[in-house]
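**Q** This is the structure I want to talk about, given as structure tokens.
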Amino acid sequence: MIRRTDLRGRGAADYRDVVPRADFDVEAALEAVRPICDAVRHRGVDAITELTARFDGVEQTDIAVPVAALHRALEGLDPAVRAGLEESVRRLRATCEAELEQDVTTEVVPGGTVTQRMVPIRRVGLYVPGGIAPLVSSVVMNVVPAQVAGVESIALTSSPQAGHGGLPHPTILAACALLGVEEVYAVGGAQAVAMFAYGAGPCERVDLVTGPGNIYTVSAKRLLKGVVGIDSEAGPTEIAVLADDSADPAHVAADLLSQAEHDPMAAAVLVTPSPTLADEVEVELDKQVSVTRHAERVRTALSGRQSGIVLVDDLEQGLAVVDAYAAEHLEIQTRDAAAIARRVRNAGAIFVGPFAPVSLGDYCAGSNHVLPTGGCACHSSGLSVRAFRKAVHVVEYDEGALRDVAPHVVTLAHAEDLPGHAAAVDVRVQER
């Protein structure tokens, strides 16, 4: 079911080209999403409703979800699901509030200060996938950090569902109501990103789009980056597990399976120096997949080129491999897992030890599950309260402080052949 790659004996190397990867060609998909985004830009809601009919099989008269539908969904929500959402919100809000950065003022010289002021993004558009599975947890992961950051205008969108009257899944609507988000749209895919970027009908354009999605959603975010801010390119999910022979093969297999059930393109990778563990995990996968609900989807993901078992000489080589892979989710199931985890540089989120499965982070760890995929964790971070705020430098100098530094400013301006820069200082400090 799952391929093996043997890297033993290869020594130090750049492993980025040999680790399992999906055929996730965002550049190729750009050509598919470009006309979609152009249509929304020029024809607005008319284009969106046509695209929704084509891709979602839903005929729409209005892309906005009525507020009454949100409240009905919350009233009909299973109390146990509501309790789970409330606990997820509580834990994530606690970590977001702890991350909230304060303004910092530095007195550079007497009379001269620079303040880094943290300013919330004014308006954001949050994308919640709802195609294969209604990812209600993604409502929490997007909305809570935006609210804690102080964003004043929040819009959320999710794919319309033919089986739910053309609205997003009721559990998603209920979560919006629970969190007090009332501007919700029944739009999915690339057209949703374009709606946020350009504005359409009742949806005013936003300053930032966040949230995970399929290849077309990710491609639209890449295409429109610059027109609108984006968090990261968060596509189909991926898990890497770095494990030695102390790991429980049933745990490892269950964790690989858990992420594979998200999507046929999901990636599940085990990196281990133990051939015995690899064998035992394969046996466990066969056993567990045969009884799981979404067996076909899981098998497709596990047998794809994006998934595999990678054999390494030792944990040192294993660390190099997982750093090269830069997984969205990385589990460390080894002896002294905390020490190993501290040495990891590239991962969206790291789950340490046998009792911190990725599923915990998907829902109730207090961490955020909107994370960079496709190797982007080597340069990007997961969604957090910081994504919804920006830093503005506020510079205040009095006359004496400017006079003191003026010769340096004037000299550097002339060194760059920018005499106008020098004159803007001279006019203030020259004796009249």
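No value in this document is a laboratory result; all are computed from the given coordinates. Computed from a predicted structure; not experimentally measured. In this analysis, Cβ positions are derived from the backbone assuming ideal geometry, glycine residues included, and neighbour counts consider all displayed protein chains.
**Q** Would you mind stating whether Ala338 is within 23 Å of the chain's Cα centre (by Cα) and either surrounded by fewer than 18 Cβ atoms within 10 Å (Cβ to Cβ) or assigned to a helix (DSSP H, G or I) (or both)?
**A** Values: within 23 Å of the chain's Cα centre (by Cα): no; either surrounded by fewer than 18 Cβ atoms within 10 Å (Cβ to Cβ) or assigned to a helix (DSSP H, G or I) (or both): yes.
Spelling it out, it is not the case that Ala338 is within 23 Å of the chain's Cα centre (by Cα) and either surrounded by fewer than 18 Cβ atoms within 10 Å (Cβ to Cβ) or assigned to a helix (DSSP H, G or I) (or both).
**Q** On to the next question. Would you confirm whether or not the range 410-417 contains a residue that is assigned to a helix (DSSP H, G or I) and touching a strand residue (DSSP E or B) at 6+ places or on another chain (Cβ under 9 Å)? Give the steps one after another, and end with the answer.
**A** Restricting attention to the range 410-417, the residues satisfying the condition of being assigned to a helix (DSSP H, G or I) are 410-415.
Still in the running and touching a strand residue (DSSP E or B) at 6+ places or on another chain (Cβ under 9 Å): none.
Among the residues of the range 410-417, not one is assigned to a helix (DSSP H, G or I) and touching a strand residue (DSSP E or B) at 6+ places or on another chain (Cβ under 9 Å), which makes the answer no.
**Q** Go through the range 148-171 residue by residue and tally those that are at negative phi and either hydroxyl-bearing (Ser, Thr, Tyr) or in contact (Cβ under 8 Å) with a residue 60 or more places away in the chain (or both).
**A** 14
**Q** Let me ask something else. Of the conditions (1) hydrophobic (A, V, I, L, M, F, W, C); (2) part of a helix (DSSP H, G or I); (3) within 22 Å of Leu224 (Cα to Cα), Leu85 fails just one. Which one is it?
**A** Only one criterion is unmet by Leu85, namely (3).
**Q** State all residues of the range 73-90 that are free of Cβ contacts under 8 Å to residues at least 40 places away in the same chain and either farther than 15 Å from Val143 by Cβ or aliphatic (A, V, I, L, M) (or both); if no residue qualifies, say none.
**A** We begin by selecting, within the range 73-90, every residue free of Cβ contacts under 8 Å to residues at least 40 places away in the same chain; these are 75, 78-80, 83, 90.
Selection gives Glu75, Asp78, Pro79, Ala80, Ala83.
**Q** Could you run through the range 222-257 and say how many residues are hydroxyl-bearing (Ser, Thr, Tyr) and either under 19 Å from Glu331 (Cα atoms) or surrounded by fewer than 22 Cβ atoms within 10 Å (Cβ to Cβ) (or both)?
**A** Going through the range 222-257, the residues hydroxyl-bearing (Ser, Thr, Tyr) turn out to be 232, 237, 246.
Keeping just the survivors that are either under 19 Å from Glu331 (Cα atoms) or surrounded by fewer than 22 Cβ atoms within 10 Å (Cβ to Cβ) (or both) gives 237, 246.
So the answer is 2.
**Q** Being more than 23 Å from His164 (Cα to Cα) and assigned to a helix (DSSP H, G or I) is the requirement here; does Thr52 meet it?
**A** Numbers: more than 23 Å from His164 (Cα to Cα): no; assigned to a helix (DSSP H, G or I): yes.
Spelling it out, it is not the case that Thr52 is more than 23 Å from His164 (Cα to Cα) and assigned to a helix (DSSP H, G or I).
**Q** Go through the range 89-187 and tell me which strands (runs of 3 or more DSSP E), entirely inside it, have 1 or more residues that are under 23 Å from Phe388 (Cα atoms) and either under 19 Å from the mean Cα position of the chain (by Cα) or aromatic (Phe, Trp, Tyr) (or both). Write out each step before concluding.
**A** Values: elements: 104-109, 112-120, 123-128, 153-158.
Here the list reads 112-120, 123-128, 153-158.
**Q** OK, next. State all residues of the range 373-432 that are among the hydroxyl-bearing types (Ser, Thr, Tyr) and free of Cβ contacts under 8 Å to residues at least 24 places away in the same chain; if no residue qualifies, say none. Reasoning before the result, please.
**A** We begin by selecting, within the range 373-432, every residue among the hydroxyl-bearing types (Ser, Thr, Tyr); these are 373, 380-381, 384, 397, 411.
Scanning the range 373-432 gives a single hit, Thr411.
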